[in-house]
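A.B. asks: One structure is given below, represented as structure tokens, and several questions about it will come after.
What follows is calculated from the coordinates using simple rules that are stated; it is not laboratory data. Predicted model only: the values in this text are computed from it and were never measured. Cβ sites come from the backbone with ideal geometry, for glycine too, and all protein chains shown count toward neighbours.
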Amino acid sequence: MSETLNHIFGPVPSRRLGRSLGVDLVPFKTCSYDCIYCQLGHTTCRTIKRREWVLMDAVLDELKQKLNCRPDYITLSGSGEPTLHSRLGEIIEHIQAMTAVPVAVLTNGSMLWQKEVREEVALADVVLPSLDAPDAERFEFINRPHPDITFERLVEGLQAFRRQFTGKYWLEVMLLDGYTSLPPQVRQLADWTRRIRPDRVQLNTAVRPPAEDFAMAVPQARLNQIAGVFSPKAEVVAEYHQQGKRFTTDANQQSILELLRRRPCTEADVAAGLAMRPIETAKHLADLQAGGQVVSQKRGDQVYYHPTQPSASKPTRVGSCNVFERRGSIKIDLPRPRASALDPRKHRKNRGKAS
Ligand code: SF4
């Protein structure tokens, strides 16, 4: 299966890492979580099994061919959770032997309670885990984790990793309007970040189309206000700006599709990430849309593009998982959290409130 996948994508316009060349270490939506805000849709393989999900040699061969695009970072991320790859440590070491470009790991942090995972992830130059919930109830509701991952395990793993990792440790807090944006939850999140002691705390929100419609973005003004509650003050992760750099690439419709398969993007994101002229980007997106390969979706005042879901897509059975090669066309029937105070209907009234 791995031979049919493309493992390298981008460079992606990353708000935190500049031009980030993505390395995908798992098949589409293989993850320990099924987050309600996930921009890739529903998780089709929710697992904590570590294995060589894609062949390490194939990944490294493909990466070698793409290194001339001068990325700011090589980022292990993509269509799911990269720490599920059993040869993660070896992959990081091979990349570092190949290039001086720093290696970043974008992880949900859920596997860091395991010593062997911490040791492998600690080989990276920058580690960017997430903490989206202030307590166990919200963790279950927002992240919909694999049953073996508890909130206690998550926060213990994040703290243990800090004790052993000497590189850059940037914690992302993804806030959702009405669920984690109110003062009590924000204060709890700020307490947790003080205990975890990352080098930076970066606030994000669900600006891109999410897996569930009720996962709403926190308004910008409220996000700026929340940043001041954290100590030291958190950074609001702004929309990507190209910082005046100019690049030329041989980006084409295939590279646009590879990028969109990992992340819904605006026209400006595509142009910035692939260093394409705006007019050329608009034309390619229009052609892809006319050909039925891409659809657009409005979220807030932005228009995002993502690939159409292939009707002929068939899952491949891997262990106990149905693994899809492309953006999932199925609805996976995962157990939902019990009805609780977090019922989306009850939370509509809390949206956009500061107190
Ligand atoms: S947002 Fe990240 S951690 Fe959550 S389901 Fe999507 S890929 Fe997994």
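A.B. asks: Could you tell me whether segment 2-328 comes out rounded, prolate or oblate from its Cα gyration tensor? Rule is a ≥ b ≥ c as square roots of the eigenvalues, rounded for a/c under 1.5, then prolate if a/b exceeds b/c, otherwise oblate.
C.D. replies: rounded
A.B. asks: Quick one: what are the phi-derived ³J(HN,Hα) couplings along segment 263-268, Karplus 6.51/-1.76/1.60 with θ = phi - 60°, whole Hz, x for glycine and proline?
C.D. replies: 6, x, 10, 7, 4, 5
A.B. asks: Kindly write out, for segment 165-182 in residue order, the coupling ³J(HN,Hα) from the Karplus curve 6.51 cos²θ - 1.76 cosθ + 1.60 (θ = phi - 60°), rounded to whole Hz, with x marking Gly and Pro.
C.D. replies: Here the 3J(HN,Hα) series is 9, 9, x, 7, 10, 10, 8, 9, 10, 8, 9, 10, 4, x, 9, 10, 9, 7 Hz.
A.B. asks: Please report, in whole Å³, the volume per residue of the convex hull around the C-alpha atoms of segment 27-100.
C.D. replies: 96 Å³
A.B. asks: With labels modelled as points extended 7 Å from the Cα through the Cβ direction, what inter-label distance (nm, one decimal) is found for E152 paired with Q114?
C.D. replies: That separation, rounded to one decimal, is 2.0 nm.
A.B. asks: Related question: Enter the mean projected area of the convex hull around the alpha-carbon atoms of segment 1-146, in nm², rounded to one decimal.
C.D. replies: Averaged projected area of segment 1-146's Cα convex hull equals 8.3 nm².
A.B. asks: Pulled fully out, how much extra length does the chain show between A58 and S296, if you take 0.36 nm times their separation in residues and subtract their Cα-Cα distance?
C.D. replies: Difference between extended and current length: 82.5 nm.
A.B. asks: Would you be so kind as to identify which of Q202, Q114, F161 lies farthest towards the positive end of the dipole of segment 2-328, taking Lys and Arg as +1 and Asp and Glu as -1 on Cβ and the Cα centre as origin?
C.D. replies: Ranked along the dipole, the leading option is Q202.
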